[in-house]
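Please read the structure below before turning to the comments.
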Amino acid sequence: MKCKVVYPLLLLLLAGMAAIAQDLYTGVWRKGNGSTYLWAGVSWADFNKKWSELAKQNLRLIDIETYETGGKRYFSGVWEGGSDGYALTPAGLDWAAFNKFWSDYSKTLRLIDIETYTEGGKRYFLGVFRQGTGGYALTPTGLDWAEFNKFWSDYSKNLRLTDIETYTEGGKRYFLGVFNPGNDAYVLSPYGMDYTQFTKYWDDRAKENLRLIDIESYVEGGKRIFLGVWRQGTDGYALWHGTDWQSFTSRWAEYNGSNLQLVDLETYDGDCPGGCMNQALMADNPATSGRDSYDYGIYASSQHCEGEPGSCPANPSSSSRVYYRWPNLKLGNDYYVRNSVLYDAKDRFLTLPFKEKASDMSKNGWLYSPGAWHHAIDYSRKDGKTFQLTAAAAGKVIFAGYDEWSGNTIIISHNVGGEKDAYRTIYMHVRNGADNDCAVAWSKSQPALSQAANDPTRVKYENHLKNTGCPLKTSDRNPDAGWWGTNSQKISSDLVGKNVQAGDVIGWAGSTGPGGQAANHLHIFFAHRDPNDKRWYFFDPYGIYGTPDCYPSAVDGAINTPCARYPVAWKNGRPDYAQ
């Protein structure tokens, strides 16, 4: 069976995302190449239906998660291939009812996973069972950490802990544990570890040929704490923590391709509002929406190509383009966010691409609005006037030319972290002399638009040109300085090939090209070369990938929002001016 992931969670949250906080995911992987399935964020009825369907396809539930978001309870599960006996408790069992179910079913099955939750002021329990023989045990409820540890120590003489669960009642924290047969090496992590401590412990145990099989996470004293259960093993393993649904499912698919299978899933509430979630990728599955990519092609030149500037053909064809892509990853027929770009774009080297006072400036985000992708950042003066553009980081100018849609464009290549041409910044809608820009608007941009006489895009652009003093007839032209600037506001003829430092002036913000006609502004793409396929992909230096309201309000504001889920590329961790 083909490995598959399904997206009901994403679709569900998009329906009411303004009121829902973002859920975050943690997963534990071990080596495996059989069938696997991940189903997340559905009602109990839908979960039960899927559980029954998958059982007929020889898939067995191995882990169940439940959580409440926006006043509703959702369920998630992880399946693996199997044809053995199985069972799942009904929802709504209190401890007495759960214990009876456990006792009855343990005659031929073994409990492998337990989940507890409260609803309507009452505590309930869920359990996952698989076929099994041999000894087994289940802790009583109401054990604190010391009591749980004693139970674990006593029962580990003949059994092994396979699942741990924690919960609070009356302001106190308690622990539950599931035990099954085993005589191999084992470890239970100490109490109270934060993630840094936990991952060090995880690394150290791996060196001792112990593999994490279960993780539990909870908040105590304002800090997120982690617990883990280890069993003996020398196989492959992985841990991916605290990411959004897009990033998690992408990693899930990548690991499946590397013969690593998810064995434990942990879900918890994030602090980022739902409206700022899961937007690095344009769509759940572009194959079903008719669009599988956003590739922006910019003309190639002797210094501008896919490879490093020194490797470019001396005379590329006039139609040759270099493509910059949105960060998707296609695996089979499904699309995922490209983690290899978003998490690798971690170098903090960028500064603001202008010198204007922050209070005079405004910006846009990765999305204009929900569902309206931008893949860039826009900067503009609040009064609509032009402003000088500066290099966001040290680098080499490798392109300065005209793009039919985005107008005058400047591209700077940046060597970062010892890697040549690791990043590129792409400045668009730049001014290059009023008379010149007016002329190329008619000679290059207008012909590139649809030639249907009533095409809305073409009509809108032609009207814009006429209304700003740039009609088709040359003798009637008198470009409005507010829109077109002056002839002195142009790109230097010797800019290409020039090495620049952060803060060096490279041009003027404008409104050139049909894509820039709304206002004077800088549309700037930030691109990173994927370390795997060596192609160029867009990324958000703020690490937010959201709509404008998800970003700090000031253009130089500190990025202290929980919505910055991915690495931040600004120098010193916040947007600031070149020194």
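The values are calculated or read from the model by the stated rules, or taken from the named source; none is laboratory data. Owing to the predicted nature of the structure, the values given are computational and were not obtained by experimental measurement. Virtual Cβ from ideal backbone geometry, glycine too; neighbours counted across all protein chains shown.
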Tally the residues that are outside any strand (DSSP E or B), surrounded by fewer than 20 Cβ atoms within 10 Å (Cβ to Cβ) and of a type in the set (A, V, I, L, M, F, W, C), restricting the search to the stretch 497-516. 0
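Applying the selection to the stretch 79-106, what residues are among the hydrophobic types (A, V, I, L, M, F, W, C) and more than 38 Å from the chain's Cα centre (by Cα)?
Across the stretch 79-106, the qualifying residues are TRP95, ALA96, ALA97, PHE98, PHE101, TRP102.
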Condition check: at positive phi, surrounded by 23 or more Cβ atoms within 10 Å (Cβ to Cβ) and part of a loop (DSSP other than H, G, I, E, B). Does TYR545 satisfy that? yes
Within the stretch 98-143, take every residue that is in contact with a Gly (Cβ under 6 Å, 6 or more places away or on another chain) and of a type in the set (A, V, I, L, M, F, W, C) and give me the one that is farthest from ASP84 (Cα to Cα). ILE114
LYS50 among the charged types (D, E, K, R) and in a helix (DSSP H, G or I): yes
Looking at (1) in a loop (DSSP other than H, G, I, E, B); (2) within 27 Å of the chain's Cα centre (by Cα), find the lone condition where ASN432 falls short. (2)
What tally of residues in the stretch 337-359 results from selecting those that are of a type in the set (Phe, Trp, Tyr) and within 21 Å of the chain's Cα centre (by Cα)? 2
Where ARG110 falls short, out of the listed (1) surrounded by fewer than 19 Cβ atoms within 10 Å (Cβ to Cβ); (2) farther than 24 Å from TYR218 by Cα: (1)
Which one of the conditions (1) touching a helix residue (DSSP H, G or I) at 6+ places or on another chain (Cβ under 8 Å); (2) without any contact (Cβ under 8 Å) to a residue 12 or more places away in the chain does ILE559 fail to meet, given that it meets all the rest? (2)
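Yes/no per residue for (1) loosely packed, with under 14 Cβ neighbours inside 10 Å; (2) modelled with pLDDT of 95 or more; (3) farther than 15 Å from TRP508 by Cα; (4) not assigned by the TED database to the domain that holds PHE526:
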residue: GLY407; (1), (2), (3), (4): no, yes, no, no
residue: MET428; (1), (2), (3), (4): no, yes, no, no
residue: ASN432; (1), (2), (3), (4): no, yes, no, no
residue: ASP437; (1), (2), (3), (4): no, yes, no, no
residue: GLN451; (1), (2), (3), (4): yes, no, yes, no
residue: ASN463; (1), (2), (3), (4): yes, yes, yes, no
residue: ASP480; (1), (2), (3), (4): yes, yes, yes, no
residue: ASP494; (1), (2), (3), (4): yes, yes, yes, no
Would you be able to say whether some residue in the stretch 130-148 is within 33 Å of the chain's Cα centre (by Cα) and either of a type in the set (A, V, I, L, M) or in a strand (DSSP E or B) (or both)? no
Which is under 35 Å from the mean Cα position of the chain (by Cα) and farther than 15 Å from VAL430 by Cα, of GLY503, GLY469? GLY503
I'm told ALA15 meets every condition in (1) outside the structural domain of THR162 (by the TED database); (2) modelled with pLDDT of 50 or more; (3) among the small types (Gly, Ala, Ser) except one. Can you identify the failing condition by its number? (2)
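Consider the stretch 183-209. How many of its residues are in a helix (DSSP H, G or I), of a type in the set (Phe, Trp, Tyr) and closer than 15 Å to VAL229 by Cβ?
Number satisfying all stated conditions: 3.
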Scanning the stretch 388-399 residue by residue, those buried (at least 21 other Cβ atoms within 10 Å of the Cβ) and either among the charged types (D, E, K, R) or farther than 15 Å from LEU495 by Cα (or both) turn out to be ALA392, ALA393
Checked the stretch 532-556 for anything without any contact (Cβ under 8 Å) to a residue 40 or more places away in the chain and not hydroxyl-bearing (Ser, Thr, Tyr); matches are ASP533, GLY543, PRO552
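Yes/no per residue for (1) outside the structural domain of THR141 (by the TED database); (2) surrounded by 13 or more Cβ atoms within 10 Å (Cβ to Cβ); (3) without any contact (Cβ under 8 Å) to a residue 60 or more places away in the chain:
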site: GLU165; (1), (2), (3): no, yes, yes
site: GLY170; (1), (2), (3): no, no, yes
site: ARG173; (1), (2), (3): no, yes, yes
site: ASN180; (1), (2), (3): no, yes, no
site: THR196; (1), (2), (3): no, no, yes
site: ARG205; (1), (2), (3): no, yes, yes
site: ILE213; (1), (2), (3): no, yes, no
site: GLU216; (1), (2), (3): no, yes, yes
site: GLY222; (1), (2), (3): no, no, yes
Is there a residue being surrounded by fewer than 14 Cβ atoms within 10 Å (Cβ to Cβ), at pLDDT 80 or above and not aliphatic (A, V, I, L, M) anywhere in the stretch 332-339? no
So which strands (runs of 3 or more DSSP E) stay within the stretch 59-100 end to end and still have 2 or more residues that are over 14 Å from GLN131 (Cβ atoms)? 59-69, 72-81
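TRP240 - would you say it is in contact with a helix residue (DSSP H, G or I) (Cβ under 6 Å, 6 or more places away or on another chain) and modelled with pLDDT of 90 or more? Working first, answer last.
Numbers: in contact with a helix residue (DSSP H, G or I) (Cβ under 6 Å, 6 or more places away or on another chain): yes; modelled with pLDDT of 90 or more: yes.
In short, yes.
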Would you confirm, using the coordinates I've provided, whether ALA519 is among the small types (Gly, Ala, Ser), farther than 23 Å from SER340 by Cα, free of Cβ contacts under 8 Å to residues at least 24 places away in the same chain and outside any strand (DSSP E or B)? no
